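Structure first, commentary second.
The values are calculated or read from the model by the stated rules, or taken from the named source; none is laboratory data. On a predicted model such as this, the values are computed, not experimentally measured, just so you know. Positions of Cβ are backbone-derived with ideal geometry, glycine not excepted, and every protein chain shown enters the neighbour counts.
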Amino acid sequence: MSRLDQLLSFHADDPDDSFVRFALAAEYVKLGQIEIALETFEALRRDDPRYVGTYYHLGKLYERLGRTQDAISTYREGMDRAMEVTDFHARSELQSALLELQGLGAD
């Protein structure tokens, strides 16, 4: 059984499990299935906005697709959500990604 098959099985057992949905989206990215990865990340952000890991990876996917403004707004939203759940590490990662995208990051 492939990793994708395992994740799909886990998802079928509990379709609301945010970790499984996140892992599934990441696996789709790894497999080059970008559209379904994007749909999965966007649905996860909509359904569980406090799952802050989504924002970094969704922002990076937007960057990859040339959707710079979507990436910027995703990083900013993620920073706000990270503060709501007091996840300072996630906020720092999102801030670094935003600054790098805006050309203000450290070289």
Among the residues in the range 40-49, are any in a helix (DSSP H, G or I), closer than 18 Å to Tyr62 by Cα and among the small types (Gly, Ala, Ser)? yes
Near pairs, Cβ below 8 angstrom, 6+ apart or cross-chain, from the range 84-98 (loosely packed, with under 12 Cβ neighbours inside 10 Å) to any residue that is not in a loop (DSSP other than H, G, I, E, B): Phe88/Ala82
Just checking, does the range 55-64 include any residue being without any contact (Cβ under 8 Å) to a residue 12 or more places away in the chain and surrounded by fewer than 18 Cβ atoms within 10 Å (Cβ to Cβ)? no
Criterion violated by Arg91 - all others in (1) in a loop (DSSP other than H, G, I, E, B); (2) at pLDDT 95 or above satisfied: (1)
If you go through Gly66, Gly78, the only one that is at pLDDT 95 or above, farther than 28 Å from Pro15 by Cβ and either under 12 Å from the mean Cα position of the chain (by Cα) or in a loop (DSSP other than H, G, I, E, B) (or both) is Gly66
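For (1) in contact with a Cys (Cβ under 7 Å, 6 or more places away or on another chain); (2) among the aliphatic types (A, V, I, L, M); (3) at positive phi, each residue gets a yes or a no:
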residue: Leu7; (1), (2), (3): no, yes, no
residue: Glu27; (1), (2), (3): no, no, no
residue: Leu44; (1), (2), (3): no, yes, no
residue: Pro49; (1), (2), (3): no, no, no
residue: Tyr55; (1), (2), (3): no, no, no
residue: Gly66; (1), (2), (3): no, no, yes
residue: Thr86; (1), (2), (3): no, no, yes
residue: Leu101; (1), (2), (3): no, yes, no
For the range 1-22, what are the residues that are outside any loop (DSSP other than H, G, I, E, B), surrounded by fewer than 18 Cβ atoms within 10 Å (Cβ to Cβ) and not acidic (Asp, Glu)? Arg3, Leu4, Gln6, Leu8, Ser9, Phe10, His11, Ala12, Ser18, Phe19
